[in-house]
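Notes follow the structure.
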Amino acid sequence: MSLADLTQASLSRVASAATAEELEAIRVEVLGRKGTLANLSKDFGKLSPEERAAFGKDLNAAKQSLESAFDARKAGFDSAALTARLDAEWLDLTIPPAGQRPGSLHPLTQIQREIEQLFTSLGFAVLDGPEVESEYNNFDALNIPAEHPARDMQDTFWLDGGFCLRTHTSPVQVRGMKLLKPPFRMIAPGRVFRNEEVDASHEHTFYQLEGMMVDRNVSVANLIYFMKTLLSGIFGREVTVRLRPGYFPFVEPGFELDIQCLLCDGAGCPVCKQSGWVELLPCGLVHPNVLRLGGIDPEEWNGFAFGLGMTRLVMMRYGIEDIRQLQGGDLRFLKQF
Ligand code: FA5
């Protein structure tokens, strides 16, 4: 077979090779050390110098055109193989993993459960009250009549028919007095709402935990005992507290129990508004008017009440510097607890 015929035949075999393996077999057969082209060059010695030069040129040209045909065809097979592999190994990284992912309790729920456990062990019942509350229970029954200036301190969201979003958990005191006969002890955790300018320590929607104890001869010493038990239970360490006079129409005397800011150890930071103290636990002895409106004779019974700022307590315990993170819905934040 002439060199030209051989080249032509080989090129068409390359073009019709069905697989990379078949192509490689053809390459070895034609271009290999013992292949057809190599065989042809064996006859070199028998040629005259002129013929040799011409044949050598043709042989080189044939070799080059075959090599580039092989390379091109091989590149085609390679890229087809790569595409097939990418298709086979393709992963959708946005598909959620199979099975259930572990969740966790919101830090507020964790603290609420701890406090409930602590107080039930001290003989307190856990009560629940509605978030949409009557104006009467939220204000009037707590000794805050319509024109009382204390109403301005707790501006809220009003609904038709004498209802509002409760501004504190104290209306559950009113419900508790009607539900339970003295002597009794109760707590009431829950969500409350205020028409509030939101900042690092103020939310329009936050959580409080109300407490009330009604018995005979309840004193401020009893109140302080329970508050200290509560705080050391929650923080698991000694916290510095201070008691200031505080005014709430439903207690007399009334106090503000502040704790030294645990985020800055009293040095001053955005959470404590640079004061070193965080207002956490307003409390006092229940006002006789409130007992009377709750159907309890203040001559026979008295008691204490407190309204713990549960959201602020969570911030203190976990060192959270901005209250907005707690209800921001960012799971990356919540997964830390
Ligand atoms: C009250 O709501 C009274 N009902 C508390 C009370 C109950 C006093 C029983 C006496 C007897 P005050 O408005 O201070 O009080 O709120 C109580 C706590 O809720 C505060 O100490 C604070 O920790 C928290 N708090 C108040 N406003 C906000 C707010 N906007 N965001 C987050 N926490 C708040």
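List of remarks:
- The Cα center of segment 265-310 and the Cα center of segment 212-258 differ in position by 7 Å.
- Electrostatic bookkeeping for LEU127 treats Lys and Arg as +1 and Asp and Glu as -1; over the other residues with beta carbon under 13 Å from its beta carbon, the sum is 0.
- Taking trypsin sites (Lys or Arg not before Pro) as exposed when their DSSP state is a loop state and no more than 14 other Cβ atoms lie within 10 Å, the longest site-free interval of the chain runs over 35-215.
- If you wrap the Cα atoms of segment 76-180 in a convex hull and average its projected area over all directions, you get 14.6 nm².
- Per residue, the convex hull around the alpha carbon atoms of segment 232-322 comes to 109 Å³.
- Helix 220-235 vs. the chain, principal-axis angle (Cα, 0 to 90°, nearest 10): 10 degrees
- Computed from the Cβ-Cβ distance with R0 of 22 Å, the FRET efficiency linking PHE235 to GLU196 stands at 0.25.
- Cα-based helix-to-principal-axis angle, 107-121 vs the chain, degrees rounded to 10: 40 degrees
- Long-range amide H partners of GLY284 with built H, under 5 Å: PHE255, ALA305
- Principal-axis analysis of the Cα atoms of the chain puts helix 20-31 at an angle of about 30° to the longest axis.
- GluC sites (Glu not before Pro) lying in DSSP loop within segment 256-337, provided at most 12 other Cβ fall within 10 Å: GLU299, GLU300
- Distance in nm between pseudo-label sites at GLU252 and ASP215 (7 Å out along the Cβ direction from Cα): 2.4 nm
- For the chain, with +1 on Lys and Arg beta carbons and -1 on Asp and Glu, the positive-most of GLN100, GLY303, THR205 along the dipole: GLN100
- Values of log10 I(q)/I(0), in the order q = 0.07, 0.08 Å⁻¹, for the chain under a Debye, Cα-only, solvent-free model: -0.46, -0.51
- Linear extension gain, ASP43 paired with ASP58, 0.36 nm per residue minus alpha-carbon span: 4.0 nm
- Fraction of C-alpha pairs exceeding 23 angstrom in segment 3-88: 32 percent, rounded to a whole number.
- Extending 7 Å from Cα along the Cβ direction at GLU67 and again at GLU89 yields two label points whose distance is 3.1 nm.
- Point-to-point label distance, LEU179-ALA125, nm (Cα→Cβ direction, 7 Å offset): 0.7 nm
- Counting Lys and Arg as +1 and Asp and Glu as -1 over every other residue whose Cβ lies under 13 Å from the Cβ of LEU281, the net charge comes to 0.
Laboratory data are not the source of any read-out in this text; all were calculated from the coordinates shown. Just so we're clear, the structure is a prediction, and the values are computed from it rather than from any experiment. So basically every Cβ, Gly included, is an ideal-geometry build from the backbone, and we count neighbours across all protein chains shown.
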